[in-house]
Amino acid sequence: MKRLRVLLDVDSQVDFFEGGRRSGGESATVAHNIRRLFGWADLQCVPVISTILRVRPCEMVFMGGAPYCVEDTDGEHKLPGTLLSPFLNMGLRNTTDVPLRLFRQYRQVLFEKRVTDMFTHVAFERLVTSLRPATFIICGADLERGVLQAALGLRHRGSRVIVARDAVVTGGGPAGEMAWRRMEAKGVTFLSTQQIATAFGQEPAEHFHPQPIAVPAGPAVKMIG
């Protein structure tokens, strides 16, 4: 059986990128490569799963240093170019209910979370374990937490995992190096954005720079304009 390919976008939010509270020196390049992967996914009809970290102001202890992705701040907004239409936002719903044939109806599904580990969202767990054998291509933010937890969690559940090494934000240093080593030890593959596009079908001739899409109020995420 042919493996399903899924682009997993981990917390591509303003606070992790240029000008944000957790931005690194390479974040502008990473943001560019994330948009390239979204363009590739759009062209190749690859389904996209995205996570959004939305932390309550009173629940920032786990973050250690300066708070980031705090609810109702600009830093929690998603980057432009990281939303495909039509999409479904599952919000913070504490339910295992997931629509049937989800990716026949939507190009992208979003999950909001209060902590970095996406497997705390029961609907996310239900979705990824219900998919036929899949290869997850990971991009996004926070290599040392969100990306690492996603990669190890998916490998534990039997999925093939590729991390786009030039499309993830890392703080660097010993923690970053340890994250790469832990993923490598669990069988995670590391490829560049260009290698992914070449291996799984070419990316668009022009880089993908759409206008931000307005997301309905309520449980949906906010976009930076």
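The values are calculated or read from the model by the stated rules, or taken from the named source; none is laboratory data. From a predicted model like this one, the values you see are computed outputs, not experimental measurements. Please note: Cβ atoms are built from the backbone with ideal geometry, for glycine as well, and neighbour counts cover all protein chains shown. What goes into the accessible areas is simple: the full protein's heavy atoms, side chains included, and nothing from ligands, DNA or RNA. Shrake-Rupley method; radii C 1.70, N 1.55, O 1.52, S 1.80 Å.
Identify, please: which residue in the stretch 122-150 is open to solvent by 10 Å² or more (accessible area, probe 1.4 Å) and part of a loop (DSSP other than H, G, I, E, B) and is, among those, modelled with the lowest pLDDT?
First, the residues of the stretch 122-150 that are open to solvent by 10 Å² or more (accessible area, probe 1.4 Å): 122, 125-126, 128-133, 144-145, 148-149.
Then drop every residue that is not part of a loop (DSSP other than H, G, I, E, B), which leaves 131-133.
On the way: LEU131: 84, ARG132: 76, PRO133: 84.
Of everything passing the filter in the stretch 122-150, ARG132 is modelled with the lowest pLDDT.
Condition first: touching a helix residue (DSSP H, G or I) at 6+ places or on another chain (Cβ under 8 Å), of a type in the set (Gly, Ala, Ser), farther than 20 Å from ILE34 by Cα and assigned to a helix (DSSP H, G or I). Now tell me which residues in the stretch 171-196 satisfy that.
Once the filter is applied, which keeps residues that are touching a helix residue (DSSP H, G or I) at 6+ places or on another chain (Cβ under 8 Å), of a type in the set (Gly, Ala, Ser), farther than 20 Å from ILE34 by Cα and assigned to a helix (DSSP H, G or I), the stretch 171-196 yields only ALA175.
Just one of the numbered conditions (1) at pLDDT 95 or above; (2) open to solvent by 40 Å² or more (accessible area, probe 1.4 Å); (3) in contact with an Asp or Glu (Cβ under 7 Å, 6 or more places away or on another chain) is not true of ARG181; which one?
So ARG181 meets the others, but not (3).
Restricting the first residue to the stretch 33-52 and requiring it to be over 16 Å from LEU4 (Cα atoms), which pairs with a second residue that is aromatic (Phe, Trp, Tyr) meet a Cβ separation below 6 Å and a spacing of at least six or different chains?
ARG35/PHE208; PHE38/PHE208; GLY39/PHE208; THR51/PHE111
Are any residues in the stretch 64-85 without any contact (Cβ under 8 Å) to a residue 60 or more places away in the chain and either part of a helix (DSSP H, G or I) or in contact with a helix residue (DSSP H, G or I) (Cβ under 7 Å, 6 or more places away or on another chain) (or both), and if so, which ones?
Matches in the stretch 64-85: TYR68, CYS69, VAL70, LEU84.
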